[in-house]
1. Quick check: is even one residue across region 184-191 in contact with a helix residue (DSSP H, G or I) (Cβ under 7 Å, 6 or more places away or on another chain), β-branched (Val, Ile, Thr) and modelled with pLDDT of 90 or more?
2. If residue 368 satisfies every condition in (1) closer than 18 Å to residue 268 by Cα; (2) under 15 Å from the mean Cα position of the chain (by Cα); (3) not β-branched (Val, Ile, Thr) but one, which is the exception?
3. Got at least one residue in region 317-324 being touching a strand residue (DSSP E or B) at 6+ places or on another chain (Cβ under 9 Å) and assigned to a strand (DSSP E or B)?
4. Yes or no: residue 356 under 21 Å from the mean Cα position of the chain (by Cα) and of a type in the set (Gly, Ala, Ser)?
5. Return the residues of region 16-73 that are modelled with pLDDT under 85, surrounded by 10 or more Cβ atoms within 10 Å (Cβ to Cβ) and of a type in the set (S, T, N, Q); say none if nothing qualifies.
6. Based on this model, can you work out whether residue 375 counts as assigned by TED's automatic domain parsing to the domain that holds residue 350 and under 10 Å from residue 326 (Cα atoms)?
7. Check region 401-410 and report whether any residue there is touching a His at 6+ places or on another chain (Cβ under 6 Å) and at pLDDT 95 or above.
Amino acid sequence: MRKILLRVVLTLSLACTVVLTTLPYWVSAVGIPRELRVFPGMELAVDLKPPLRILDQDGVEVTGFFDTENLGSRVYRVSLFGWLPISTLVVDVVPLVEVFPGGQSIGVLLTSEGLVISELGTVVDLEGRERSPAKEAGLKPGDILLSIEGHPTRRPELVSQLINSLAPEKRVLNLEVKRDDRILNLAVEPAKTWQTSIFGQSSYQYLLGIMLEDPAAGVGTLSFFHPETGRFGALGHTITDSLGRPVRISRGTIVEASIDSIRYGTRGTPGEKVGFFHGEQDIIGIIDSNSNLGIYGQLVGDLARSVFSRPIPVAFAHQVRTGPAEMYTVVQGTKIERFAVEIVKVVNQTKPGEKGMVVEVTDERLLQETGGIIQGMSGSPIVQNGMLVGVITHVFVNNPTKGYASFAEWMVYEAGLGLSDQNPAKQASSREVFLCA
């Protein structure tokens, strides 16, 4: 009898152990999330089947609807039979954020003045010495080269000509650079080298050992702007240099752009918007952040009107559903147009990331004109059920009708809209190849 009793106890203990170690995964699988964000007054219903129950912080069972009237976080316990805790549920009641969806084509300038020094390198002078003149002078990656001997630096290809015209007469050149908010004057001694061109012609060249980034990062799309604060978000992905590294932007700007033509996208060859912009006279915003979720900043100039007459709510990530949606972008001139798309996959993200959903272009006219998603569409807003749900970020190289999009919720948090202490973007997102759209 004692052996039977012991066996029963051991069996029950083992069963409890199995339940306790597997239930959290099972609970997640049946749809109880770890965290939910809702607007004030938004209905959030409890629909659990016994033996699962949800208890508030006072141990009272929650039935019907959660209390979502007041801002703040509330922690609930998911339990088995009301006494065996198996999980927690945090309900964050956050302010409703409403923005104007964008769609405007924009040009992105990494800096409104000078050229960005992206990298320092070494050169070999005529005496065989390996030198880094720029490093010796105190230059650092991220510095902005404003002028050389008083001559403004505007284009990377002209800097070499300027150095080689000045260096034969001056052993040391004065460089004016901007580092953060400081203006520095640094003296650099160029290295005289012997260089051979790709055409086999050799000549003396004076080098500083720097790699410069063109201030024009290209054409993209404005994602949204907030009418009350003027905050904006665009692109949906980070701006990188030629080596794929995030670019440090020092007072970059966005300017109005116009689309002149379209390079049609095909399998293996992404299409592209071909646009133009004039520069500083067309500045409409100052960039203050270049993150993995896009660029953000403050509007400072007149912006072409939105196609929306009033701002619309930004959807939470958990509100996005597969199905029809609309994408807003420009394919000719400056006219924002609406195109039909299908959200074919929604990723269950608990942390911000660029690839929150997969979007397929279904609009016949857009497919005929562009082939689908093309470069320059990065940042194009996606609207579903009257809410801003996402932003185009990448195109599938081997299937340009499809691409990735990020959740709009993460982007508005990154822009500084909503409650900062509940900002998930500030907390710890056959094989297909993708490319920034």
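The values are calculated or read from the model by the stated rules, or taken from the named source; none is laboratory data. Quick caveat, the model's predicted, so the values are computed rather than measured. A quick note on method: Cβ atoms are made from the backbone with ideal geometry, for glycine too, and the neighbour counts reach across all protein chains shown.
1. Taking region 184-191 as the starting set, the residues that turn out to be in contact with a helix residue (DSSP H, G or I) (Cβ under 7 Å, 6 or more places away or on another chain) are 186-191.
Then drop every residue that is not β-branched (Val, Ile, Thr), which leaves 188.
Those left that are additionally modelled with pLDDT of 90 or more: 188.
Checking region 184-191: at least one residue is in contact with a helix residue (DSSP H, G or I) (Cβ under 7 Å, 6 or more places away or on another chain), β-branched (Val, Ile, Thr) and modelled with pLDDT of 90 or more.
2. In the conditions (1) closer than 18 Å to residue 268 by Cα; (2) under 15 Å from the mean Cα position of the chain (by Cα); (3) not β-branched (Val, Ile, Thr), residue 368 misses (2) alone.
3. Here is the first cut: in region 317-324, the ones touching a strand residue (DSSP E or B) at 6+ places or on another chain (Cβ under 9 Å) are 317-324.
Now restrict to residues that are assigned to a strand (DSSP E or B): 323-324.
Yes; the residues of region 317-324 include at least one that is touching a strand residue (DSSP E or B) at 6+ places or on another chain (Cβ under 9 Å) and assigned to a strand (DSSP E or B).
4. Numbers: under 21 Å from the mean Cα position of the chain (by Cα): yes; of a type in the set (Gly, Ala, Ser): yes.
Yes, satisfied.
5. Answer for region 16-73, where residues must be modelled with pLDDT under 85, surrounded by 10 or more Cβ atoms within 10 Å (Cβ to Cβ) and of a type in the set (S, T, N, Q): 17, 22, 28, 63, 68.
6. Values: assigned by TED's automatic domain parsing to the domain that holds residue 350: yes; under 10 Å from residue 326 (Cα atoms): no.
For residue 375, the condition - assigned by TED's automatic domain parsing to the domain that holds residue 350 and under 10 Å from residue 326 (Cα atoms) - is not met.
7. Filtering region 401-410 for residues touching a His at 6+ places or on another chain (Cβ under 6 Å) gives 403-404.
With the extra rule that they be at pLDDT 95 or above, the set shrinks to 403-404.
Checked against the condition, which is being touching a His at 6+ places or on another chain (Cβ under 6 Å) and at pLDDT 95 or above, region 401-410 yields at least one hit.
Rundown of residues vs (1) modelled with pLDDT under 85; (2) not in a loop (DSSP other than H, G, I, E, B), yes/no style:
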{"position": "82", "(1), (2)": "yes, no"}
{"position": "85", "(1), (2)": "yes, yes"}
{"position": "90", "(1), (2)": "no, yes"}
{"position": "117", "(1), (2)": "no, yes"}
{"position": "128", "(1), (2)": "no, no"}
